[in-house]
Amino acid sequence: MKYYLVAGEASGDLHGANLMKALKKLDQHAEFRFFGGDLMLAEGGTIVKHFADMAFMGFMEVVLNLNTIFKNLKLCKEDIASWQPDVLILIDFPGFNLKIAEFAKNKGLLVCYYISPKVWAWNQKRVLKIKKVVDHLFCILPFEVDFYKKWGMEVDYVGNPLLDAIAAFKPDEAFLKNHNLPNKKIIALLPGSRKQEISRLLPAMLSITGQLADYQFVVAGAPSFNPSYYDQFIVEKKIPVIFNATYDLLSHASAAIVASGTAALETALFNVPQMVVYKGHPVSISIARMVIKINFISLVNLVMDREVVKELIQQDCSPQNINGELDNLLNNKTYRQKMLADYDELDKKMGQPGASEKTASLIIKYI
């Protein structure tokens, strides 16, 4: 069968790749065409557009890149219509993907949505549109099932695909040697995968590196950027940037400073004490604070429904606050152990691996 997938960011590329792998096990004649990234490309098929040219975060950032977004939408619609897949599989990325869903539904295509749009965070009435344009929705967060039920929508809960990726992870025993890292405790810096995230967050993260000489700071580089992109931020600082080895980095880290997003949940599942940071365009932040209906931005805190990890947002994301929180994570034993105990509870809530296989099986059933 022919599967068309649309993923618009690094996390979607990861989940899309694992889903493709699961689909191939069930369908030996599977053909793939997709918007995605290097991980999906490694599973085979044809990449139409790389997510590096698609991911814009924040209200103002979207407005400033509308021309590119419209071009990408036009390309995606034309390519889907031309290829005529048996099923369209949309992965998160709702601003783009819900428009593609509406187009595909009008064309009579089967529309499956993997990883629910975060409609529970703001503009909850979007559920009404999802009910019209999506045939089957696969959720990965435990609280989403009850949320959709309140809106009269039945969804499939498949567990979280991050558990699949972590279960499949095989540590590099020579990680430190291969990357010329000294025998020091590591603090991982995960500034995100989008240009706007990196440019706003990495300087704040790096601002405190000179104060902890006994630790080695290491940046997790986004695979969609060249190493030279990071040079502008790491001037005169001997901070390594390591690509395609985030799980190895987390498995060696004593603490982490993490951009809000999927990486925070990954970091927690690796039992690494962390803080979550976020900076956006001031206008974007002002609008978000007016419309967002949730108390937290971190997936860790959202799943637990309480503050487990500190969130440093906008002006709170300062060198002084980052340094103070890092001191707690590294040196306050009670604080650190409480976070690790909360991680154990989080792990139980997340359930077992198998989301990719469950979703693949359901998609084939629905086709």
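The values are calculated or read from the model by the stated rules, or taken from the named source; none is laboratory data. Only a predicted model underlies this, so the values are computations on that prediction, with no experimental measurement involved. Methodologically, a virtual Cβ is constructed for each residue, glycine included, from the backbone with ideal geometry; neighbour enumeration extends over all protein chains shown.
Looking across segment 237-276 at every residue that is part of a loop (DSSP other than H, G, I, E, B) and farther than 16 Å from Leu340 by Cα, the one that is nearest to the chain's Cα centre (by Cα) is identified as Gly261. Here is the figure for segment 305-325: residues that are within 13 Å of Tyr278 (Cβ to Cβ), among the acidic types (Asp, Glu) and in a helix (DSSP H, G or I) total 1. Of the residues making up segment 199-219, those that are part of a helix (DSSP H, G or I) and in contact (Cβ under 8 Å) with a residue 60 or more places away in the chain are Arg200, Leu201, Ala204, Met205, Gln211.
Each row is one residue, and each column tells you yes or no for (1) under 24 Å from Arg200 (Cα atoms); (2) in the same structural domain as Leu201 (by TED's automatic domain parsing).
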site: Ser318; (1), (2): yes, yes
site: Leu326; (1), (2): yes, yes
site: Lys333; (1), (2): no, yes
site: Met339; (1), (2): no, yes
site: Lys358; (1), (2): no, no
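Looking across segment 132-147 at every residue that is modelled with pLDDT of 95 or more and part of a helix (DSSP H, G or I), the one that is farthest from Ser361 (Cα to Cα) is identified as Lys132. For segment 331-367, the set of residues classified as under 19 Å from the mean Cα position of the chain (by Cα), farther than 14 Å from Val309 by Cβ and buried (at least 17 other Cβ atoms within 10 Å of the Cβ) consists of Met350, Pro353, Gly354, Ala355, Ser356, Thr359, listed by residue number.
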